[in-house]
1. Name the single residue, out of those in the stretch B:179-190 being out of contact with any Leu (no Cβ under 9 Å at 6 or more places or on another chain) and touching a residue at least 40 places away in the same chain (Cβ under 8 Å), that is nearest to the other protein chains (Cβ to nearest Cβ).
2. Hey, any hits in the stretch B:256-264 for a residue that's farther than 30 Å from B:P81 by Cα, open to solvent by less than 60 Å² (accessible area, probe 1.4 Å) and not assigned by TED's automatic domain parsing to the domain that holds B:V74?
3. If you take the residues of the stretch B:35-63 that are of a type in the set (G, A, S) and open to solvent by 10 Å² or more (accessible area, probe 1.4 Å), which of them is farthest from the other protein chains (Cβ to nearest Cβ)?
4. Have a look at B:G27, B:G66 and point out the one that is within 11 Å of chain A (Cβ to nearest Cβ), surrounded by 21 or more Cβ atoms within 10 Å (Cβ to Cβ) and within 24 Å of B:A94 (Cα to Cα).
5. Mind checking which pairs have a first residue in the stretch B:150-176 that is on the phi > 0 side of the Ramachandran plot and a second that is at pLDDT 95 or above and crowded, with 24+ Cβ neighbours inside 10 Å, Cβ under 8 Å, 6 or more apart or different chains?
6. For B:G21, are the conditions met, namely being open to solvent by 20 Å² or more (accessible area, probe 1.4 Å) and of a type outside the set (K, R)?
7. Is it the case that B:S242 is within 25 Å of B:T340 (Cα to Cα), part of a helix (DSSP H, G or I) and among the small types (G, A, S)?
8. If a residue has to be open to solvent by 10 Å² or more (accessible area, probe 1.4 Å), within 7 Å of chain B (Cβ to nearest Cβ) and either acidic (D, E) or assigned to a strand (DSSP E or B) (or both) to count, how many in the stretch A:28-57 make the cut?
Amino acid sequence: MAVVFQKTKGLTDKPFHYCPGCMHGIIHRLIAEVMEEMDIIDKTIGVASVGCTYNNYDYFSCDMVQAAHGRAPAVATGIKRCKPEEMVFTYQGDGDLASIGTAEIVHAAARGEKICTFFVNNAVYGMTSGQMAPTTLLGQVTTTSPLGRDAETRGYPINVSEMLATLTGAVYIERVALFDYKHIQEAKKAIAKAFRVQQKGLGFAMVEFLSTCPTNWGKEPIEALEWCKEKMVPQYPLGVFKGQDLEV
Amino acid sequence: MAKRVLMKGNEVIAEAAIRAGCRHYFGYPITPQTEVMHYMAREMVKHGGTFVQAESEVAAINMVYGAAATGERVLTSSSSPGISLKQEGISYIAGAELPAVVVNIMRGGPGLGGILPSQGDYFQATKGGGHGDYKNLVIAPASVQELYELTVKSFDLADKYRMVCMILGDGTIGQMMEPVAFKEKEETLEVAKPWATTGMHGREKHNTITSIYIDPDDLEAKNRELQDKYREIEEKEVMFESSNLDDAEIVIAAYGTCSRICKNVIRQAAELGIKVGMVRPITLWPFPSKEFSRVADMPSVKGFLDVELSSGQMIEDVRLAVNGKKPVYFHGRMGGNLPTQKEILDEIVKIHKGEM
Ligand SMILES: Cc1ncc(C[n+]2csc(CCOP(=O)(O)OP(=O)(O)O)c2C)c(N)n1
Ligand code: SF4
Ligand SMILES: [Mg+2]
């Protein structure tokens, strides 16, 4: 019998622990498929961060290093400087990257570190049960903004892609979503492009994924997807913010 | 013996690291250790190595974590406030069992404190510093020659035990110019690192570096493993220098800069007819407890005088080791001030007369 579908070699056999409707699993699979298709599983070192995906070092089949909260870009810098021939990526949530780890991500990008960052924006702290993240939308109810995020006391959302795109060292920045087959294919292309940027040694590359957290948003998976489309996209428009003309 | 060159302590640390095969340095500027960084910025390129001026000490230690994960020899250096920031990373390095050398050229605290010499970080260095049940090897050189030899050795120890080896100096040791004789060639330990995340390149299984163990039994087992390692180090790696102990009546406990000041005091006391010896811990952890205990049992010894650039930190370990067998007195200065020889001699005279 012909094999029509096979799990990618970029993932191990360990089952994911993510909630139903969570997009972390899809993003993992896309990264893993790209690694397999580019034949780089053997020469990639990934950096897991702190959040729901803290143990994705058990899921990706390449060499993996677990980093402290927010520090993945610094850890990746250490790895890449020692192993410039290897492909190095970080996988970070929005609490990890846009709150506790802002210094590390800004400076990794500013230095033009030749690494890829996969940044998963689900507008909350998933792992610690749905607190407000820097990316939480104005008005969004979370466990630490129970009346909805108000700008007066809780400030405004951070648009990380737009912000990092201002840095010369960042050469490719794209924000993608995973609403449907078309968007998922575009997201996969963005991942591949980020790795190619690194392969060519051009500089820092980041793909931001608009993602869902049905569990902490208190929504059914489909409802969460709709909310992401309707509420998150106006604040976080999709598109390429840096490297539009980049041919890789 | 090779020809001697006059060099600054901080520069010798950097030179020794390069000689030990360290090709990766990550740091953030802070007085009084900045020369380590300047030297690395200048010299690393010549050796095909990496120098990164990180955005903070937090980032620097995490770069060290990443570099160490690849199995490379790696160094970071800082001074007290910066070392406080590195504690998170140091705890992760302990948990993930990675080899790394960290230099702390101590200055006065707490807070921003001052930029002059201190030994006020003894507790932080030897008792853990960051969160969790862990230890760092802590080495306290007392001369520029020792800075060289012990820095080289630190890389071997870090590799052998997969942990942080900390060089704990103070501003005086770091800033001091002294002659140093480098070996023609370093004999460093070659430690296989099959655990390193280097990219698989045909390796059967992927390697993972982590410090998280969600299952309490797994985490307890990991902690037991760490503790077994620490017990082994306590057995095998204690270093100290004992001097003038024959018939000694008073024994000084001092490390680093203080031990240098005390050496002269021992001579002056002898002129007054007081026999003073010294135990100088070279490893602060593991602490030379057995040596202090042995010396405390010597009938000639009336008591100990612990001298530190702090309010009295190492004295707790001395007292634990002496275990009440003899009195342990203290003399310390803080804020970047050094005790004078006269101050220490006066204490010795008082102890000798039984006035303490
Ligand atoms: C220093 C530190 N502070 C706080 C935590 C607790 N913590 C664990 S995960 C997390 C938030 C992660 O949120 P995010 O990065 O958005 O990832 P998600 O779970 O949403 O994917 C926090 C605050 C920690 N582990 N370490
Ligand atoms: S809590 Fe949210 S982010 Fe975490 S696995 Fe569940 S759905 Fe995903
Ligand atoms: Mg999140």
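The values are calculated or read from the model by the stated rules, or taken from the named source; none is laboratory data. Because the structure is a prediction, the values reported are computed rather than measured. Quick reminder, even Gly has a Cβ in these numbers, built from the backbone with ideal geometry, and neighbours come from all protein chains shown. Ligands, DNA and RNA are excluded from the accessible area calculation, which covers all protein heavy atoms including side chains. Shrake-Rupley method; radii C 1.70, N 1.55, O 1.52, S 1.80 Å.
1. Among residues in the stretch B:179-190 that are out of contact with any Leu (no Cβ under 9 Å at 6 or more places or on another chain) and touching a residue at least 40 places away in the same chain (Cβ under 8 Å), the one nearest to the other protein chains (Cβ to nearest Cβ) is B:T188.
2. Checking the stretch B:256-264: at least one residue is farther than 30 Å from B:P81 by Cα, open to solvent by less than 60 Å² (accessible area, probe 1.4 Å) and not assigned by TED's automatic domain parsing to the domain that holds B:V74.
3. B:A41
4. After ruling out the rest, the residue left standing is B:G66.
5. B:R162/B:L98; B:R162/B:P99
6. Values: open to solvent by 20 Å² or more (accessible area, probe 1.4 Å): yes; of a type outside the set (K, R): yes.
The answer is yes for B:G21.
7. Criteria not met by B:S242.
8. 1
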